[in-house]
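Read through the structure below, which is laid out as structure tokens, and then see the notes.
The values are calculated or read from the model by the stated rules, or taken from the named source; none is laboratory data. Computed from a predicted structure; not experimentally measured. FYI the Cβ positions are ideal-geometry reconstructions off the backbone, even for glycines, and counts take in every protein chain you see.
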Amino acid sequence: MGLNLAQKIIKEHLVTGEMVSGSEISIKIDQTLTQDSTGTMAYLQFEAIGIPRVKTKKSVAYIDHNTIQAGFENADDHKYIQTVASKHGVYFSRPGNGICHQVQLERFGVPGMTLLGSDSHTPTGGGIGMLAIGAGGLDVAVAMGGGPYYLTMPKVCKVNLKGKLKPWSSAKDIILEVLRVMSVKGGVGKIIEYAGEGIKSLTVPERATITNMGAELGATTSIFPSDELTKEFLKAQGRESDWVELQPDADATYDEEIEINLDLLEPLAAKPHSPDNVEKVKDIGKIKVDQVAIGSCTNSSFMDMMKVAKILKGKTVHPDVSLVIAPGSKQVFTMIAENGALADMVAAGARILESACGPCIGMGQSPKTDAVSLRTFNRNFEGRSGTKSAKVYLLSPEVAVVSAITGVLTDPREYGEAPQVEMPSEFVTQDNMVLDPAPEGVDVEVVRGPNIKPFPLNKALTEKLEGKALIKVGDNITTDHIMPSNAKLLPFRSNVPYLAEYCLTPCDADFPKRAKENGGGFIIGGSNYGQGSSREHAALAPLQLGVKGVIVKSFARIHMANLINSGIIPMTFVNEEDYDQIDMGDEIVIEDATKQIKSRSNVIIKNVTKNKEIPVSVTLSDRQVEIILAGGLLNYTRKQSQ
Ligand code: MIC
Ligand code: SF4
């Protein structure tokens, strides 16, 4: 039987397990990436594992998130990452060089290779035919040390693209349409594989916009074939020799299939506060706009910037709109500076930001109270912009920039002719902001600032677990709720005790205090708990507060893995209605925890307050059971190497 593309790459990299969806497999990782807001933790953990030099084909440490430097903390973390990377054989992409996913795609991604990144949007690499997966920092640390990456073999869902995009429709509209159809939990446990005649007219950066936002589907990853267009892109990057052709077998089979007709796609927008709350721009209507932000790892390519510049040329941003633009990388920045496009943006009144995540993660440019902010980004969770009352819409660069001129949300088809942008035959490739690691054997002093605090370590599982239900939350709780990130908190990503004071506070300001007063306990949640980021801080902060288990209707993939890695038990209700059987403050007891978790049958938790027994399932592989028993992956790894 023929293989699809995802299966082909997995087969090539399979270390353990069988490629049967739902069973645990492990794969060899060729490349890793970290960024600074998850990177400090990942390298602290790498150091704790104690392997002297990375064993991957290429590992890169990026600085792109924490670039505001309003205090010493960010700069300290940058120096720590620079020195620890150099010492252990990791390339270092300096602040200013660009957003990790954009730079990785341009300079390092290789079709057919595996990439594990400590950022949920690592699947951007799928645009070039990589199997690129986001994971917690500890999983990336293990992969840097040469360990395989464990995951549940996903189902593979084919998205068949028919036809060709009409003028003013764009790659962003394709992924927004997929989100509309599948929802933010529709991709959990799946790889999304794109196919069909429609892909032939999508360039690599457009494909990367689509695979990037596969993270918003909850998918394990998304992937495009590697074809002539991929070759052209790599050639223009001076890396033709990295190209290999990759296609699914003609008789490949898929677990699911959906079809999207590009001819029929109209400009779309995801309305507040969820990336799947998608509607046609024309149906939303001409709402007044306060801010437009263009950039992020989703839409900051050279092609995106050129479209924006062409539309802005000779125009002026509407007086009531603040337009900010962050080109995705130094390469993009250099090219638009050299060809004059940057001048057109500046002349029109755009505020140009450095090549970094910036407003996407609330690092500056928070909009005004109650603002409508149109963004080309990938997440519009409530409060993520730094302004709780702001209403963020996700949409294409075309819609964003036309609306910045008109001052109202505008369907660009009524605006005039769509700009034509050609893929350049040669990109400016100068990697002078990527530092090589020190040669093996050369000693490098690792510089640690005072903001770098030890991370919490769990203890081996005890027989009886007891504690209160410390909080009860609803569906689709994001990691931005569990461990908020903004300009005030991001500088503390290497200081978990400090961050823990803000854990789950967007849901309940008293949670940290209550957790501490009760000596820890349990979190109760709805479905798709932990969607969004790969930040393991969303597990480490609860651990710091003594959380022993999380009981929900269902989990998002990366967050569940992070809980296991921290030794916190992830439990799902066997009967979803049992969610109603626990209220905040109820006393929960799990007897014979070790035996129950090992038994493979449902675990019985007792709600002592309501005198009820509730079955929950703890779906763990044998290895994950051992990790929970040991009190987390680091303890487990250390035990293994003794
Ligand atoms: C995000 O987009 O939420 C982030 C910030 O890039 C995170 C990583 C982090 O929390 O540091 C992600 O997507 O994984
Ligand atoms: Fe950075 Fe935003 Fe992309 Fe996350 S989603 S990596 S914060 S640009």
* Asked: Taking region 329-364 on its own, how many of its residues are crowded, with 22+ Cβ neighbours inside 10 Å and outside any helix (DSSP H, G or I)?
  -> 7
* To do: Could you give me the residue pairs with C-beta distances under 7 Å whose first residue belongs to region 27-44 and is within 24 Å of residue 67 (Cα to Cα), whose second residue is of a type in the set (A, V, I, L, M, F, W, C) and near ligand 1 (Cβ under 9 Å from one of its atoms) wherever it lies, and which are 6+ apart or on separate chains?
  => 33/100; 35/100; 37/490
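Would you point out the residue of region 196-240, among those that are away from ligand 2 (no atom under 16 Å from the Cβ), of a type in the set (Gly, Ala, Ser) and closer than 18 Å to residue 103 by Cα, that is surrounded by the most Cβ atoms within 10 Å (Cβ to Cβ)? Full working, then the answer.
Restricting attention to region 196-240, the residues satisfying the condition of being away from ligand 2 (no atom under 16 Å from the Cβ) are 196-204, 206-207, 220, 223-240.
Those left that are additionally of a type in the set (Gly, Ala, Ser): 196, 198, 201, 226, 236, 238.
Narrowing further to those that are closer than 18 Å to residue 103 by Cα: 236, 238.
On the way: 236: 18, 238: 14.
Here the answer is 236.
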* Kindly indicate whether residue 277 is within 30 Å of residue 338 (Cα to Cα) and under 24 Å from the mean Cα position of the chain (by Cα). => no
* **Checklist (1) away from ligand 1 (no atom under 16 Å from the Cβ); (2) in contact (Cβ under 8 Å) with a residue 60 or more places away in the chain; (3) closer than 18 Å to residue 506 by Cα; (4) of a type in the set (Asp, Glu) applied to residue 382, failing item** => (1)
* Failed item, numbered, when residue 636 is tested on (1) touching a Lys or Arg at 6+ places or on another chain (Cβ under 6 Å); (2) closer than 23 Å to residue 147 by Cα -> (1)
* To do: Confirm whether residue 484 is buried (at least 24 other Cβ atoms within 10 Å of the Cβ) and touching a Pro at 6+ places or on another chain (Cβ under 9 Å).
  => yes
* To do: Could you list all residues from region 187-229 that are within 22 Å of residue 299 (Cβ to Cβ) and over 23 Å from the mean Cα position of the chain (by Cα)?
  => 198, 199, 200, 201, 229
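Restricting attention to region 115-142, which residues are more than 16 Å from ligand 1 (Cβ to nearest atom) and part of a loop (DSSP other than H, G, I, E, B)?
Correct list: 129, 130.
Test of understanding: among 530, 526, 567, 549, which residue is under 25 Å from residue 213 (Cα atoms), modelled with pLDDT of 95 or more and more than 16 Å from ligand 1 (Cβ to nearest atom)? Spell out how you get there, then give the answer.
Working: 530 fails: more than 16 Å from ligand 1 (Cβ to nearest atom); 567 fails: under 25 Å from residue 213 (Cα atoms); 549 fails: under 25 Å from residue 213 (Cα atoms).
So the residue among 530, 526, 567, 549 that is under 25 Å from residue 213 (Cα atoms), modelled with pLDDT of 95 or more and more than 16 Å from ligand 1 (Cβ to nearest atom) is 526.
How about region 525-559: which of its residues are in a helix (DSSP H, G or I), crowded, with 24+ Cβ neighbours inside 10 Å and either away from ligand 2 (no atom under 16 Å from the Cβ) or of a type in the set (A, V, I, L, M, F, W, C) (or both)?
Taking region 525-559 as the starting set, the residues that turn out to be in a helix (DSSP H, G or I) are 537-544, 557-559.
Still in the running and crowded, with 24+ Cβ neighbours inside 10 Å: 537-543, 557-559.
Once the filter is applied, which keeps residues that are in a helix (DSSP H, G or I), crowded, with 24+ Cβ neighbours inside 10 Å and either away from ligand 2 (no atom under 16 Å from the Cβ) or of a type in the set (A, V, I, L, M, F, W, C) (or both), region 525-559 yields 538, 539, 540, 541, 542, 543, 557, 558.
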* Asked: Which one is farthest from the chain's Cα centre (by Cα), of the residues in region 389-413 that are aliphatic (A, V, I, L, M) and in a helix (DSSP H, G or I)?
  -> 405
* Does residue 35 qualify as being within 27 Å of residue 296 (Cβ to Cβ), away from ligand 2 (no atom under 16 Å from the Cβ) and at pLDDT 95 or above? -> no
* Those residues of region 179-195 which are farther than 20 Å from residue 533 by Cβ and of a type in the set (A, V, I, L, M), in sequence order -> 181, 195
* residue 438 vs. criteria assigned to a loop (DSSP other than H, G, I, E, B) and touching a Leu at 6+ places or on another chain (Cβ under 9 Å) -> no
* Asked: With 513, 488 as the choices, which residue is closer than 28 Å to residue 387 by Cα, free of Cβ contacts under 8 Å to residues at least 12 places away in the same chain and either in a loop (DSSP other than H, G, I, E, B) or within 26 Å of the chain's Cα centre (by Cα) (or both)?
  -> 488
* **Residue count for region 494-510, restricted to those that are over 16 Å from residue 384 (Cβ atoms) and of a type outside the set (Asp, Glu)** => 9
* Please enumerate the residues belonging to region 8-23 that are within 23 Å of residue 623 (Cα to Cα) and not aliphatic (A, V, I, L, M). => 11, 12, 13, 16, 17, 18, 21, 22, 23
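Among the residues of region 580-631, what is the count of those that are acidic (Asp, Glu) and either assigned to a loop (DSSP other than H, G, I, E, B) or more than 15 Å from residue 551 (Cα to Cα) (or both)? It would help to see each step written out before you state the result.
Kept after step one, since they are acidic (Asp, Glu), are these residues of region 580-631: 580, 583, 586-587, 591-592, 613, 622, 626.
Narrowing the set further to residues that are either assigned to a loop (DSSP other than H, G, I, E, B) or more than 15 Å from residue 551 (Cα to Cα) (or both) leaves 583, 586, 591-592, 622, 626.
Qualifying residue count for the region: 6.
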